[in-house]
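Undergrad: One structure is given below, represented as structure tokens, and several questions about it will come after.
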Amino acid sequence: MEVQITSENFESLKNGSQPLVVDFWATWCGPCRMIAPVISELAEQYDGKIVVGKCDVEENEDIAMEFGIRNIPTILFFKGGQVVDKLVGAVGKAKMEEKFQSLL
């Protein structure tokens, strides 16, 4: 299950014991809606191993600005509190799963 990323919980999730995947999205973004089911599926599949969060760029501009998010969807992969990988645009499940596997 995905976690809603906010300014209040982001730092604790980013620096948590499990890797973190953050999907930066917006309600009006077609490609974001297109990959949402894949993100949900991977969140279920990796439950207990990887924390998967969704960050609405309009509600959390500070986080989006901190990481220079200019295009959505953008998916950032964190390990040990640091960004270790990134995907921009609507990519397929196989590519996303490859990135999830590399976090473990």
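Undergrad: State all residues of region 26-49 that are under 22 Å from residue 6 (Cβ atoms) and either basic (Lys, Arg) or not in a loop (DSSP other than H, G, I, E, B) (or both); if no residue qualifies, say none.
TA: Selection gives 32, 33, 35, 36, 39, 40, 42, 43, 44.
Yes or no, residue by residue, for (1) surrounded by 13 or more Cβ atoms within 10 Å (Cβ to Cβ); (2) closer than 25 Å to residue 94 by Cβ:
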site: 13; (1), (2): yes, no
site: 17; (1), (2): no, no
site: 20; (1), (2): yes, yes
site: 28; (1), (2): no, no
site: 46; (1), (2): yes, yes
site: 49; (1), (2): no, yes
site: 63; (1), (2): yes, no
site: 75; (1), (2): yes, yes
site: 78; (1), (2): yes, yes
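Undergrad: Something else: Looking only at residues in region 1-43 that are touching a strand residue (DSSP E or B) at 6+ places or on another chain (Cβ under 9 Å) and among the acidic types (Asp, Glu), which one is farthest from residue 79 (Cα to Cα)?
TA: Only one residue tops the list, namely 2.
Undergrad: Then there's this: Being free of Cβ contacts under 8 Å to residues at least 24 places away in the same chain and not hydrophobic (A, V, I, L, M, F, W, C) is the filter here, so list the residues in region 51-79 that pass it.
TA: The answer is 61, 66, 68, 70, 71.
Undergrad: For a quick check of your reading of the model, give me the residue pairs whose first member lies in region 1-27 and is among the basic types (Lys, Arg), whose second is open to solvent by less than 30 Å² (accessible area, probe 1.4 Å) and modelled with pLDDT of 95 or more, with beta-carbon atoms closer than 8 Å and at least 6 apart or on different chains.
TA: Every condition considered, the pairs that remain are 14/20; 14/78; 14/81.
The values are calculated or read from the model by the stated rules, or taken from the named source; none is laboratory data. All values derive from a computational prediction rather than experimental measurement. All Cβ positions, even for glycine, are placed from backbone atoms using ideal geometry, and neighbour counts span all protein chains on display. Note: accessible area is taken over every heavy atom of the protein model, side chains too, but ligands, DNA and RNA are not part of it. Shrake-Rupley method; radii C 1.70, N 1.55, O 1.52, S 1.80 Å.
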